[in-house]
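These notes concern the structure reproduced below.
The values are calculated or read from the model by the stated rules, or taken from the named source; none is laboratory data. Predicted, not measured: the structure shown is a model, and the values here were computed from it. Heads up, the Cβs are rebuilt from the backbone with ideal geometry, glycines too, and the neighbour counts pull from every protein chain shown.
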């Protein structure tokens with residue numbers, strides 16, 4: 001870019017430099033504004049789901065989701081995690097792992113495959129009869145009470161009431177598991 005407004009060459013260079021500085025500041029400011037507007041739009045984006053198990057629609061937007069959708073996901077996760085046979089345990093855990101939050105993946109992956117090894121070695125089968133699901137939106141968790149039956153080689157070895165706590169988070173409209181553990185007390 002060459003400016004020839006002034007007779008002096010140095011005055012033209014300084015004018016050119018001021019104009020280029022203004023352009024860089026303008027482009028930087030517009031880029032920052034674009035980023036802010038993009039983040040605001042991501043939080044307002046909504047996804048409306050109509051899963052076959054729900055009577056109506058469920059909405060997931062930003063970091064929130066309808067309670068019906070969360071109950072459906074809780075039922076799905078509980079089914080994959082607590083109902084298995086030696087033949088299905090690895091496939092079910094493989095289907096469950098993509099739902100695990102990236103920061104929790106290594107620990108849950110290790111735990112699930114330790115369980116899968118034990119199930120295949122002992123020939124255990126687990127059946128969980130879900131009785132209720134209690135949603136705690138502030139803690140972002142579901143409490144899942146029910147009855148757990150454990151069979152080893154077609155012999156019932158356990159039949160007891162259990163309660164599990166499924167911790168989750170909704171990030172950018174996606175359901176992530178952050179923890180699944182037996183509830184204390």
1 or more residues outside the structural domain of residue 78 (by the TED database), touching a strand residue (DSSP E or B) at 6+ places or on another chain (Cβ under 9 Å) and buried (at least 16 other Cβ atoms within 10 Å of the Cβ): qualifying strands (runs of 3 or more DSSP E) within the stretch 119-168: none
Where residue 106 falls short, out of the listed (1) surrounded by fewer than 15 Cβ atoms within 10 Å (Cβ to Cβ); (2) outside any helix (DSSP H, G or I): (2)
Residue in the stretch 135-147 that is out of contact with any helix residue (DSSP H, G or I) (no Cβ under 9 Å at 6 or more places or on another chain) and more than 24 Å from residue 65 (Cβ to Cβ) present: yes
Filter pass, residue 111 being assigned by the TED database to the domain that holds residue 148 and not in a helix (DSSP H, G or I): no
Any pair with Cβ under 6 angstrom, 6 or more apart, that starts in the stretch 57-68 at a residue that is within 15 Å of residue 140 (Cα to Cα) and ends at one that is modelled with pLDDT of 75 or more and part of a loop (DSSP other than H, G, I, E, B): 60/173
Residues within the stretch 171-185 that are part of a strand (DSSP E or B) and over 16 Å from residue 96 (Cα atoms), tallied: 2
Among the residues listed as 61, 101, 65, the single one being within 16 Å of the chain's Cα centre (by Cα) and buried (at least 18 other Cβ atoms within 10 Å of the Cβ): 65
